[in-house]
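Structure first, commentary second.
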Amino acid sequence: RQLMEMEVVTATRSKVKIKDSPSAIYVITDKQIRERGYRTLIEALEDVPGFSIQHTYGLFPDLIHQRGIVGNNQRSLVYIDGILDNNISENAILGGTSRYPLHNVERIEIVAGPVSALYGPNAFNGVINVITRSGAEFTGNEIQTFAGTWMDEDYAAGGGAFSINGNLADKEKKFGYSIGGYYLNSDGPDF
């Protein structure tokens, strides 16, 4: 019941409850991000129905195929807080965007299916909108860190992530901040 009452903005470009949405929409909440241990956008998308991810370890480390349509990340649009993040020359999902860190994300809204009437001709496969937390709503200070390595005879990887979020408030001013980063270094698979 709570899910049906949740308001989303991606399906109609205005606030509407999921139950009144004209499109098939999936929402990954910040609670689900924490509970499932998602660190990057690509990790969250792997669990969404209709997505298949191809890990190529090349210029574009991950190819995102939505609704069974294969392409070079040119079939879906990705927005960050309602601002288009696709490559301007190819209109492809950027390699860095697929590794977008989720430390400060409120929710991810995914519209499955064509929404070109709202988002233009390149949204015929779907739209992914990453909505970050508002600094005004965040209270207190928070620090998150992650680091690790992994090695076997064919593959070596090391990585880390950090984020610092907070809100400093006094009687006259409010100041919110968020700093985050994600680093992954890999030798890639040994073909």
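Scanning the range 16-40 for residues that are touching a Pro at 6+ places or on another chain (Cβ under 8 Å) and at pLDDT 90 or above gives a single hit, Tyr26.
Going residue by residue through the range 44-55, is there one that turns out to be over 19 Å from the mean Cα position of the chain (by Cα) and without any contact (Cβ under 8 Å) to a residue 60 or more places away in the chain? There is no residue in the range 44-55 that is over 19 Å from the mean Cα position of the chain (by Cα) and without any contact (Cβ under 8 Å) to a residue 60 or more places away in the chain. For Glu106, the conditions (1) surrounded by 19 or more Cβ atoms within 10 Å (Cβ to Cβ); (2) under 11 Å from the mean Cα position of the chain (by Cα) are fulfilled apart from (1).
The set of residues from the range 114-131 being over 18 Å from the mean Cα position of the chain (by Cα), of a type outside the set (S, T, N, Q) and in a loop (DSSP other than H, G, I, E, B) comprises Pro114, Val115, Gly120, Pro121, Phe124.
In the range 1-90, counting only strands (runs of 3 or more DSSP E) that sit wholly within it, the ones holding 2 or more residues that are within 28 Å of Ala147 (Cα to Cα), polar (S, T, N, Q) and open to solvent by 40 Å² or more (accessible area, probe 1.4 Å) span 51-55.
The values are calculated or read from the model by the stated rules, or taken from the named source; none is laboratory data. Just so it is clear, the structure is predicted and the values come from calculations on it, not from any experiment. Don't worry about glycine lacking a Cβ; one is built from the backbone with ideal geometry, like all the others, and counts go over all protein chains shown. Keep in mind that these areas ignore ligands, DNA and RNA; they rest on the heavy atoms of the full protein, side chains included. Shrake-Rupley method; radii C 1.70, N 1.55, O 1.52, S 1.80 Å.
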